[in-house]
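A short write-up of the structure that comes next.
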Amino acid sequence: MRVMGIIPARYQSTRFPGKPLVEINGKPMIRHVYERASRCRSLDGVLIATDDLRILETVRSFGGESLLTREDHESGTDRLAEACETLGLEDSDIVVNIQGDEPLLEPEMIELLIDSLRTFPDRCMATLAFPSESEEEYMNPNVVKVVVDNDARALYFSRSPVPHYRNRSVMSPKFLKHLGFYAYRHWFLRVFTGLPHGTLEKAEKLEQLRALEHGYPIHLALSAIETHGVDTPEDLARLVRSSSRQSC
């Protein structure tokens with residue numbers, strides 16, 4: 001069984017065009033992600049799947065592996081699926097979807113995802129969450145929250161503040177902040193990308209709800225590390241300030 005880490009990367013981000021190539025401490029962001037992911041010992045390989053020759057050439061210039069994919073994919077997951085088919089992965093292989101805008105990711109996070117599928121052979125998809133008590137993020141619709149059952153299976157993902165605390169004067173919010181990293185068994189990734197988009201997925205604009213709506217469980221692993229993705233130039237500015245206090 002192979003375990004592949006794939007980083008989908010597109011150039012034309014709506015909120016931040018050219019995002020994968022912006023420099024952080026003298027390196028393009030996509031290189032930070034690639035090098036950090038490559039430290040994960042459980043991965044048999046790391047690959048960047050992109051639709052843009054500028055990203056492809058940048059990755060190859062620093063010695064990374066990259067693959068050119070179609071330009072018309074609706075999501076990074078669809079790009080991931082195309083890359084897996086090009087690589088000829090077997091149904092039982094595990095694929096980790098590594099976000100290309102997470103330059104501070106830690107290899108331990110990827111290990112958690114891989115271990116989740118190895119430990120629970122009946123589960124076909126896994127993701128990460130971080131326990132939080134941030135009032136600001138609890139109320140922020142751009143921060144996705146997730147609730148789980150007693151067997152670490154996701155019950156629901158939402159942009160709304162869940163769970164809802166009726167008596168806020170007594171209890172401060174404690175919630176699970178979803179971190180957008182996923183691991184799939186390759187056979188399920190193929191199934192997932194072929195499923196029709198569900199009502200909840202369309203309402204929340206959260207792709208992972210498609211799996212739950214069609215009855216496929218998502219294993220939820222808890223990360224002790226919180227990451228902060230780069231969605232906008234403002235996010236980048238905050239990251240640069242924080243990276244001055246730690247190695248990136």
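Read-outs: derived from the displayed coordinates by stated rules, not from any lab. Nothing here was measured: the structure is a model prediction, and the numbers come from that model. Cβ coordinates were reconstructed from backbone atoms using ideal geometry, including for glycine residues, and neighbour counts include every protein chain displayed.
Projecting label points 7 angstrom from Cα along Cα→Cβ for Leu195 and Glu234 puts them 3.3 nm apart. Helical runs (DSSP H, four residues minimum) scored at -39500 (n - 2.57) apiece and divided by the length of the chain put the mean residue ellipticity at 222 nm at -9000 deg cm²/dmol.
The stretch 1-78 and the stretch 125-193 have Cα centres separated by 25 Å.
Residues of the stretch 3-25 with backbone nitrogen within less than 15 Å of a virtual label 7 Å along the Cα-to-Cβ line of Glu136, please, listed as ranges. Counting backbone N atoms under 15 Å from the label point, the list is empty.
Close amide H contacts of Val148 (hydrogens built in the peptide plane, cut-off under 5 Å, sequence separation of 5 or more or a different chain): Leu155. In the chain, Cα pairs under 8 Å separated by at least six residues give a relative contact order of 22 percent.
Compute the length gained on full extension between Ser42 and Glu226: take 0.36 nm times their separation in residues and subtract their Cα-Cα distance, giving the result in nm to one decimal. Before the final figure, lay out the partial values.
On the way: separation 184, 0.36 × 184 = 66.24 nm, distance 2.07 nm.
Roughly 64.2 nm would be gained on extension.
In order along the stretch 144-161, the phi-based Karplus estimate (6.51 cos²θ - 1.76 cosθ + 1.60, θ = phi - 60°) of 3J(HN,Hα) comes to 7, 9, 9, 10, 10, 8, 6, 9, 6, 9, 5, 8, 6, 10, 8, 7, 6, x Hz; Gly and Pro are listed as x. Restricting the calculation to alpha carbons of the chain gives Rg and Dmax of 17.7, 56 angstrom.
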